[in-house]
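Here is the structure we will look at.
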Amino acid sequence: MNDKTLDCSDIDRFLGKPIQPGRTREPIAGNDIRRWVQGMHYPNRLHYDDGFAAEGRYSRIVAPLSFPVACDDGHGTAPACVGLIPNSHLIFGGDEWWFHGPRIFAGDRIHNERIPLDYVVKDTKFAGPTCFQRGDNFYYNDRGDKIATQRSTSIRYRADLAREMGGSKDPQDDPEWTDDELRALEDRKFEWIKSLHDLGHGKRWWDDVKVGDKLPTRVIGPHSIASFTTEWRAYLFTIWCGVIRRTDLDMEALGFTDDFAGKEQDPVLELENPEMTDGAYIGPSRGHLFPRWARRIGMPRAYGYGASMGAWILDYFAGWAGEWGSLLHTNCSYRGPALCGDISIMDGSVTDKLIDEQGRAVIKADFKMKNQLGATMATATAEIELPKR
């Protein structure tokens, strides 16, 4: 293609029509939950320590609110990635979540109903004409309980234009951290972990929260190819035959460039040569773990997963609310990736408190994630129900 257009017309025929569901192959195991919180850097003992969890609200280990996306077969982006866009690639743009009350425990089977919603094309400095596409995910357990709704936004763009326009302006070399700086980072991380310990099984009362209160700072990183790989393997679909595969997924039919149109998640090839279907090595996901491939799609070096960034945000709010609080709704926008060698610094504050029309004691909060240079990586808002005295 010599012009600078982005043909999205094929998307129209998919809008409003359900696509194949995402389905776990086996019941969720306790170690699936433990592997998830370990991969997401979320040391909340409620989700991995049997003894601690047994003394709490649920009397057993419960999955964190971020866990539904681990049960999907594509980070929740499947309904936001339908239709042919020639010579394109995809990154995550954001997620909006609604939580309906039921929680996930070991023994549950999870499935995800999915419907493409809409799209809009905007001009960006990153890649020129860019498609912002949305789709809805509805997560259920095997008893028919609706657990969560996720409205996912994907960003689809022409990789050649991203390279031509310079893509990300970040340097290609990882930043260097001294031993003293790394030790200081570990201290900062532990301050947030201690805030989880301090709350323990206690209740964060709505009555005690004030508008303007600051939430504890959370730090993750420095990110590395090792940490990104650990995140990748926490998603059940990255395990060979870990989920029931879709039969309607074709990367070439989506218009992915040749370098990234491998047979990732192909259910037939998976049985013959699963390494060819493993997105860590071949296919559209390999840009996360290999700098060479990252640069092919406009990224300067290896970079993290948008769905993981979303999980960090959900865990941040839910960890502050505690096990007696309920995260009702979040709206998250991803502005820039977690690049290899960088750190992610998360801060939030209470912006409002109210009793809603259902009589729930609710606080509203906002959120910002930045890297060590002050560049904004993500923003979010949340509504959280807290217990009232």
Test: Asp3 is without any contact (Cβ under 8 Å) to a residue 40 or more places away in the chain, acidic (Asp, Glu) and part of a loop (DSSP other than H, G, I, E, B): yes
Residue in the stretch 119-126 that is free of Cβ contacts under 8 Å to residues at least 12 places away in the same chain and over 17 Å from the mean Cα position of the chain (by Cα) present: yes
Boolean, Arg60 is more than 27 Å from Ala378 (Cα to Cα) and at pLDDT 95 or above: yes
Pair list, Cβ < 9 Å and 6+ apart or interchain, from the stretch 214-237 residues that are farther than 14 Å from Arg301 by Cβ to residues that are among the charged types (D, E, K, R) and part of a strand (DSSP E or B): Lys214/Asp347; Leu215/Asp347; Pro216/Asp347; Thr217/Asp347; Arg218/Asp347
Inter-residue pairs, beta-carbon under 6 Å, first under 8 Å from Asn137 (Cβ atoms) and in the stretch 148-160, second of a type in the set (S, T, N, Q) and at pLDDT below 95, 6+ apart: Ser152/Thr77
Pairs where the first residue, in the stretch 355-376, is over 22 Å from Trp320 (Cα atoms) and the second is surrounded by 15 or more Cβ atoms within 10 Å (Cβ to Cβ) and modelled with pLDDT under 95, C-beta under 7 Å, 6+ apart: Ala375/Gly336
Given (1) in contact with a Cys (Cβ under 8 Å, 6 or more places away or on another chain); (2) surrounded by fewer than 24 Cβ atoms within 10 Å (Cβ to Cβ), index of the condition Ser59 fails: (1)
Residue match in the stretch 65-84 (condition: touching a residue at least 40 places away in the same chain (Cβ under 8 Å) and either in a strand (DSSP E or B) or farther than 23 Å from Met309 by Cα (or both)): yes
Qualifying residue in the stretch 85-96 (condition: more than 17 Å from Gly306 (Cβ to Cβ) and surrounded by fewer than 21 Cβ atoms within 10 Å (Cβ to Cβ)): yes
Unique residue being within 30 Å of Pro102 (Cβ to Cβ) and basic (Lys, Arg) when the list is Arg156, Arg143: Arg143
Residue pairs meeting the criteria (Cβ under 7 Å; at least 6 apart or on separate chains; first touching a residue at least 24 places away in the same chain (Cβ under 8 Å), in the stretch 22-39; second polar (S, T, N, Q) and crowded, with 17+ Cβ neighbours inside 10 Å): Gly22/Asn112; Val37/Asn44
Ala29 vs. criteria within 25 Å of Arg233 (Cβ to Cβ) and among the small types (Gly, Ala, Ser): yes
Every residue from the stretch 243-254 that is out of contact with any Cys (no Cβ under 7 Å at 6 or more places or on another chain) and closer than 26 Å to Ala338 by Cα: Met251
Elements of type strands (runs of 3 or more DSSP E) in the stretch 251-370, at least 2 residues being of a type in the set (D, E, K, R), at pLDDT 95 or above and touching a strand residue (DSSP E or B) at 6+ places or on another chain (Cβ under 6 Å): 344-355, 361-370
Count of the stretch 335-389 residues which are of a type in the set (A, V, I, L, M), over 14 Å from Asp207 (Cα atoms) and in contact with a Phe, Trp or Tyr (Cβ under 8 Å, 6 or more places away or on another chain): 9
Trp36, sole failed condition from (1) within 22 Å of Trp97 (Cβ to Cβ); (2) surrounded by fewer than 19 Cβ atoms within 10 Å (Cβ to Cβ); (3) of a type outside the set (Asp, Glu): (2)
Some residue of the stretch 323-345 being in contact with a helix residue (DSSP H, G or I) (Cβ under 9 Å, 6 or more places away or on another chain) and basic (Lys, Arg): no
Every pair of residues 6+ apart whose Cβ atoms lie under 9 Å, when the first sits in the stretch 161-182 and is at pLDDT below 85 while the second is among the acidic types (Asp, Glu): Asp170/Asp342
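The values are calculated or read from the model by the stated rules, or taken from the named source; none is laboratory data. Treat the numbers as computed from the prediction; the structure is a model and nothing was measured. Cβ sites come from the backbone with ideal geometry, for glycine too, and all protein chains shown count toward neighbours.
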